[in-house]
Amino acid sequence: MSDVPPADRPAHIAIIMDGNGRWAQARGLPRIEGHRRGVESVRVVSETCTELGIEAVTLYCLSSENWKRPQAELDFLMQLLEQYLVEERKTILDQGLKLQVIGRRDRLPPGVIAEMEKTLELSKDNSGTKLVLAIDYGGRDEITRAVRLISQDLADGKISQSQITEELVSSRLYTAGLPEIDLMIRTGGDLRVSNFLLWQLSYAELWVTEKCWPDFSRDEFLKAIREFANRQRRFGGLNVNE
């Protein structure tokens, strides 16, 4: 991608992988087939991030609201997640990816937790792209959790009220230690953030495609990165020419 210098590429990309069910239904297939095909797009994204030297990519795998879906679909999603953690382990290690997981774990099946912990441990010293999976994740829940942690520190006398800053809040979020999100991509055409990384998306550039996640290709991914590189990011200020 010689037309976009490394300095102009996003350091951290977040992706809402939407449209799996719609993709399948449009082809007369069960919704679960859309989720199955979506795994291929995850591989494309992780490989491209490795190639381009992207520091981190966060994928919205399962929201805290997704538990409202039919039990059969949820069971398949858990099975698919466990399968991904096993079958993609070699690819993760070969590419030097460092797996991270954000979100709750108390509602996940033991098998998923076991495979997750194994892949986390095996990849913990890798220095490549951080592959962050948001599983049973909700932005409001994350912020509420951070408030509880800070409140407890305040009650225990570990911090004073004057020490509560944006930096302190950020340090209590699941994404502590990761770079700020530069680019948020949503597939499937919907124009909303769906309770995803509400704090972290404050100054992210948003890019939406009508393509459903199983059709999200390398070319589409590069298109988003190129458009990001051509945008003027003001962060609330003005350009020198304005």
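The values are calculated or read from the model by the stated rules, or taken from the named source; none is laboratory data. Owing to the predicted nature of the structure, the values given are computational and were not obtained by experimental measurement. Because the Cβ atoms are built from the backbone with ideal geometry, glycine has one as well, and the counts that use them run over all protein chains shown. Surface areas here come from the heavy atoms of the whole protein model, side chains and all, with no ligands, DNA or RNA. Shrake-Rupley method; radii C 1.70, N 1.55, O 1.52, S 1.80 Å.
A few remarks follow.
- Long-range HN-HN contacts of Gln100 with modeled amide H, under 5 Å: Leu131, Val132, Leu133
- Calculated [222 nm] ellipticity per residue, helices only, for the chain: -13500 deg cm²/dmol; basis is -39500 (n - 2.57) per DSSP H run with n ≥ 4, divided by all residues, nearest 500.
- Area of Ser127 that stays accessible when all protein chains are in place (1.4 Å probe, Å², to 10): 120 Å²
- Pairs of Lys residues in the range 47-177, spaced 8 or more positions apart or belonging to different chains, with C-alpha separations under 18 angstrom: 8 in total.
- Counting Cα-Cα pairs of the range 1-98 in 5 Å increments starting at 0 gives whole-percent bin shares of 2, 10, 19, 22, 17, 13, 9, 5, 1, 0.
- Whole-Hz ³J(HN,Hα) from phi, Karplus 6.51 cos²θ - 1.76 cosθ + 1.60, for the range 221-231, glycine and proline x: 5, 5, 4, 5, 5, 5, 5, 4, 5, 8, 7
- Mean-position separation - Cα centroids, the range 136-169 and the range 57-135, in angstrom: 26 Å
- Each of the peptides 215-223, 131-139 was scored by the mean count of other Cβ atoms within 10 Å over its residues; in descending order, highest first, they stand as 131-139, 215-223.
- Listed values for the range 30-43 are Karplus-derived 3J(HN,Hα) couplings in whole Hz (6.51 cos²θ - 1.76 cosθ + 1.60, θ = phi - 60°), namely x, 4, 4, 5, x, 5, 4, 5, x, 4, 5, 5, 4, 5, and x replaces Gly and Pro.
- Cα-based shape type of the range 27-76, given that a ≥ b ≥ c are square roots of the gyration tensor eigenvalues and the cut on a/c is 1.5: oblate
- Amide H contacts under 5 Å for Met184, placed H, 5+ residues apart: Ala14, Glu205, Leu206, Trp207
- By accessible area, using a 1.4 Å probe on protein heavy atoms only, the range 49-105 has 48% of its surface on carbon and sulfur.
- Each label was represented as a point 7 Å from its Cα along the Cα-to-Cβ direction; for Arg218 and Asn230 these points are 2.2 nm apart.
- Extents of the range 179-228, largest first, come to 29, 22, 14 Å (Cα atoms, principal axes, whole angstrom).
- Computed over the chain, the range of Cα coordinates on each principal axis works out to 57, 49, 35 Å, biggest value leading.
- Within the range 115-202, the proportion of Cα pairs with more than 15 Å between them is 68 percent.
- Take Lys211: with every protein chain present and a 1.4 Å probe, its accessible area is about 90 Å².
- Each Cα pair under 8 Å and six or more residues apart adds its sequence gap; the mean of these over the residue count of the chain is a relative contact order of 29 percent.
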